[in-house]
Amino acid sequence: MEGINNTNITCLPDEIISLILKNNDPREIIRFSVTCKQFYENVICNDYLWKIKYSEIFPKEMVKIVEEHCNSNWLKEIIQYYKLKRKNYIELVCMSPKYYWRINEVSLEDVKIFFSFATETNLSFFYTIYILQNIVKTGNYYLDNFTILKPLYTLTVVYYAKIALRHLIQTYLAVKWVDLHMRQKLTPEVVITFFVQWVDPTCIYSDEEVENKIQSLVTKVKGFLRDVHSKKNREQDVEKYSDKQILSALSQVIYKSENFSISSSTKVITLNIAKVIDKSNGNAITYAVIYQAVAKRLGVKCELIVFPNHLFLEWQDNDMPHKPLYTVDLITGEIKPKRQCPFSQSAYSRYEYSPDSLLQYVYSSYMKSKGALRDCKTQNAIHLLDFLETRQLNHNPYRNFLPYLVDHVNPALTTSLNMKFIQNDHMQLILTLSNLNTPPEVAYHQVQVKKHRDSVKYAVGMICYHKLYNYMCCVRGWEYNGAHLRIPIDNNLYFGREQPFYRVIAGDQSERFVAQENLIAVTTPFRIYCLEDHIAREFTHYNGFSYVPNAEKKIEYPNEEHVTEVFRRRFVNVATP
């Protein structure tokens, strides 16, 4: 019994200590290691433990990459990740005090520090992307639950994280587009995945995942062919079937067996090939791309032809004497003889697939589905026009990208572009692109502190209702006296009256000045999601009653919290703390 009483943790075998430690956070493991020399040696040299911790943080593909390129130095990579994480956190929190007073938007030149972080090592680019994406996802989780974890997980920080993500991923994708274009590898599935990646940088849309999903459909079509046409010989190769048999089987699998349904809207989720195949619901564009990709892998040439206002799948039956042309109905999958186009010189004239035309078509379809509403994703889509040089602006963040890349991308390079492990030549190219533009002239608005007066009824951040025009809005600011304001009405300007006027953003995302007499406070307010990309620069979160001003907004309007609380107690019956 005396021996048992003297037993302590240092007597435990190293294997038992490893099993205990693997349930802890890496930072806690490091702290444990500095308690004594024995534990330090056990922890620092324990590749088994650090591989487990690394695989808990990152996807499986990253584990293979570290094994292949980094000699399985798991602890080194984890330390690199946490150092990058800290630097990204500090920089994001500092962005609001630095850029809030700017009149113009945060630009590519303003986020160059993130490019420095992302190009420290071959893995740093993916680490930086992964860190920023997690900030957006975690922040949205807390915000959706009406909780706030300052200073990081706020609307404001998430807003700046999205901007940094935008420029990092879009710069990477610019290199990818030109590289694949020169190699003539911009297949339809690559183009549509490129667009989804460009528009929604907050998620990783993997080309490998898309390929795996397409291959799963290829396997199902092969199985269907064997079941229907080869009852006697189920091992018959797909090459033994005619093109028409393969396409008929493909239509049967997609539109009957898988029950694919067509969505009229063009959204990220209906353009995401992997999700569309999983959920059997997508846009007609996506089905055209999936159909063409599966047919190609089964040895059938089925062209995806794109015009400004429509697209179709074209197939030529080479087994027939006159080689007639057919089209595939994207709604039903039916193979129909192609009708003669009135603008064609011949009924059998052929068109060619163009990745640029497909990208423009997907863009126009996406923007048409979004309508008048604008958010972070539509802004990302608009930047696609900037990259393709189809929009002329004084300050285009990507105005120099395309000509530079055309001159400097070498298609003869054997190394392919990979976000998870960026080779040195590609890494240097991305860093160079971030420094191509000269910084624009910066304008700042003057700070005018507005302390609340009794005449000002509503507070910044409150949700109000316009009595005349029947719309909800969020208050972003106010003037004591609107008599000096020039307000448009019926295509003419008139001056405001002697009463407070509020600068609001309406539910349709329009910004207006509204007289106090025309506003009433909403007694049961709710979070207005479609406005948050527009007001995130000014507010930290929605607290269940109103949007809470961030530190910079409070400098301009220091007394709003008291006014909001008065309304909150009146409408929500909140008890006095």
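Things worth noting here:
- Restricting the search to helices (runs of 4 or more DSSP H) fully inside the stretch 1-100 and requiring at least 2 residues that are under 30 Å from residue 445 (Cα atoms) and within 29 Å of the chain's Cα centre (by Cα) gives 74-99.
- Of the residues 96, 33, 18, the single one that is touching a Ser or Thr at 6+ places or on another chain (Cβ under 7 Å) and surrounded by 16 or more Cβ atoms within 10 Å (Cβ to Cβ) is 96.
- Candidates in the stretch 443-464 are the residues that are touching a Ser or Thr at 6+ places or on another chain (Cβ under 9 Å) and among the β-branched types (Val, Ile, Thr); of these, the one that is surrounded by the most Cβ atoms within 10 Å (Cβ to Cβ) is 460.
- Put simply, of 356, 386 the only residue that is assigned to a helix (DSSP H, G or I), out of contact with any helix residue (DSSP H, G or I) (no Cβ under 7 Å at 6 or more places or on another chain) and at pLDDT 90 or above is 356.
- Identity of the residue in the stretch 524-561, of a type in the set (S, T, N, Q) and assigned to a loop (DSSP other than H, G, I, E, B), that ends up farthest from residue 374 (Cα to Cα): 559
- Qualifying position, being part of a helix (DSSP H, G or I), more than 28 Å from residue 379 (Cβ to Cβ) and not aliphatic (A, V, I, L, M), among 303, 211, 314: 211
- Neighbours by Cβ (under 7 Å, 6+ apart or cross-chain): first from the stretch 191-206, closer than 12 Å to residue 129 by Cα; second open to solvent by 30 Å² or more (accessible area, probe 1.4 Å) and of a type in the set (Ser, Thr, Tyr): none
- Among the residues of the stretch 428-454, the ones that are modelled with pLDDT of 90 or more and within 28 Å of residue 508 (Cα to Cα) come to 1 in all.
- Restricting attention to the stretch 470-502 and to residues that are assigned to a loop (DSSP other than H, G, I, E, B) and under 30 Å from residue 100 (Cβ atoms), the residue that is modelled with the lowest pLDDT turns out to be 496.
- Residue 564 being in contact (Cβ under 8 Å) with a residue 40 or more places away in the chain, under 21 Å from residue 448 (Cα atoms), in a helix (DSSP H, G or I) and touching a Ser or Thr at 6+ places or on another chain (Cβ under 6 Å): yes
- Selection within the stretch 120-153 - of a type in the set (Val, Ile, Thr) and either at pLDDT 95 or above or under 18 Å from the mean Cα position of the chain (by Cα) (or both): 128, 129, 131, 135, 136, 138
The values are calculated or read from the model by the stated rules, or taken from the named source; none is laboratory data. These numbers were taken from a predicted model, which means no experiment stands behind them. Positions of Cβ are backbone-derived with ideal geometry, glycine not excepted, and every protein chain shown enters the neighbour counts. Surface accessibility is based on the protein's heavy atoms, side chains included, excluding ligands, DNA and RNA. Shrake-Rupley method; radii C 1.70, N 1.55, O 1.52, S 1.80 Å.
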